[in-house]
Each structure stands twice: as C-alpha cells, then as structure tokens.
Amino acid sequence: MIHSGTSRCRCVGLLLLGFLLVLSVGCSGKTLQYKDDHDRILRIDQAVELLRKSYVERDRPALEALLLPSGNLDQVQRDIHGDFETFQDIQLEFSIERILIEGDNIDVFVHWQGQWKRNPGEAGTRQRGHGRLAWVGTQSILLREAQGDLPFGMGSRANPSEDPARRASNP
C-alpha cells in the first residue's frame, strides 16, 4: 500500500511539474507584437506630460521645444505667456481620453482640471474642461495645433471671484 501511494504522489508531482513547465514556456515566449506602435504611444504620452509639466513649472524653453515651428500656435503661446505673467501658482492635471493616429498626425483628446492662483494666500480659480491636442511625428512628437476648451489663457478668462467693476474695466 505504501508503494502505490508513493507512485501516485510521484505521478501527481510529475503532472504538476509538467503543467508548470508548459505554462512557463508558453508565457516566456510572449513578445510585443507591435513594439514600434507601443513605443510611439509612450512618446506621445511623454510629450503630453511634458507639456503639462512645463506649463505648471512655467518653463518657457521646454514649452517652446514642444511646439512645431510652422504650427498654428501663436494664440496658444500668447495665452500661456499671459498665464505665466498673471499667476504665481498653477496646478494642472491632464487625463488622456483617447489617442487617434493617422500616419504622422496624432490627435490626443484630454480632460483637464486645474487651479490658478495670483497670490499664494488666495483660493484661486478652479476650472476643468476638455480639448484636442494635435501632434505630429513618429520619433520626435511636436504640438502643431490645440483646439477646444483647453486650460491655456486662464488669465484672460473672467474670474468669478473678481470685482465685477474690475472685470468691466478690463475687456
């Protein structure tokens, strides 16, 4: 009886070992089928994060390095520079809703929320919205256009906490 129990344990042990061996061989053989696409999506995500970070940190050179020179971004640049002059503290979060890629063109749809403070002691302005960031490139990702309700230009938007007389005098 002891002999048949030992062989049964040995048989179960071998089956278990064989099953684990099949699993490990099956799992170790997996590779990314579309590695180039995956890497490009990571670069797009990094570009969006760098845009957010350089805006929050008020880093003009880093922001301008992300902009396509021939892009339609003059107003966006003016809005961003106006925010830098108006606010001492900017907090901003981006959440990517979706990414559409057609050749070199990339559309990134984002939701955002943020808080802008003119002075550190004030409550500031809280806003949120969504928009489209149009990028271009495969290895180097550059912003070529921005559309929708984006956070840039908050300094020129009406602030509900401001005095209405002050808003009327500053069109």
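Yes/no per residue for (1) β-branched (Val, Ile, Thr); (2) over 30 Å from Asp36 (Cβ atoms); (3) modelled with pLDDT of 95 or more:
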residue: Gly71; (1), (2), (3): no, no, no
residue: Asp104; (1), (2), (3): no, no, no
residue: Asp107; (1), (2), (3): no, no, yes
residue: Asn119; (1), (2), (3): no, yes, no
residue: Gly129; (1), (2), (3): no, yes, yes
residue: Trp135; (1), (2), (3): no, no, yes
residue: Ser169; (1), (2), (3): no, yes, no
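Residues in the stretch 62-90 that are among the acidic types (Asp, Glu) and in contact with a strand residue (DSSP E or B) (Cβ under 7 Å, 6 or more places away or on another chain): how many?
So the count comes out to 2.
Would you mind telling me which numbered condition in (1) touching an Asp or Glu at 6+ places or on another chain (Cβ under 6 Å); (2) in contact (Cβ under 8 Å) with a residue 60 or more places away in the chain Ala134 fails?
The number of the failed condition is (2).
Can you find even one residue in the stretch 54-70 that is under 17 Å from Phe152 (Cβ atoms), β-branched (Val, Ile, Thr) and touching a residue at least 60 places away in the same chain (Cβ under 8 Å)?
Within the stretch 54-70 (the criterion being under 17 Å from Phe152 (Cβ atoms), β-branched (Val, Ile, Thr) and touching a residue at least 60 places away in the same chain (Cβ under 8 Å)), the answer is no, since none of the residues qualifies.
Checking the condition at pLDDT 60 or above and not in a helix (DSSP H, G or I), which residue from Arg8, Arg58, Arg40 passes?
The conditions single out Arg58.
Return yes or no: is Ile99 modelled with pLDDT of 95 or more, over 14 Å from Trp135 (Cβ atoms) and β-branched (Val, Ile, Thr)? Spell out how you get there, then give the answer.
Numbers: modelled with pLDDT of 95 or more: yes; over 14 Å from Trp135 (Cβ atoms): no; β-branched (Val, Ile, Thr): yes.
For Ile99, the condition - modelled with pLDDT of 95 or more, over 14 Å from Trp135 (Cβ atoms) and β-branched (Val, Ile, Thr) - is not met.
Just give me the residues in the stretch 65-82 being basic (Lys, Arg) and either assigned to a loop (DSSP other than H, G, I, E, B) or on the phi > 0 side of the Ramachandran plot (or both), in sequence order.
Looking only at the stretch 65-82, we keep the residues that are basic (Lys, Arg), and these are 78.
Selection gives nothing.
The values are calculated or read from the model by the stated rules, or taken from the named source; none is laboratory data. Source: prediction; values computed, not measured. Neighbour counts run over all protein chains shown; Cβ positions are idealised from the backbone, glycine included.
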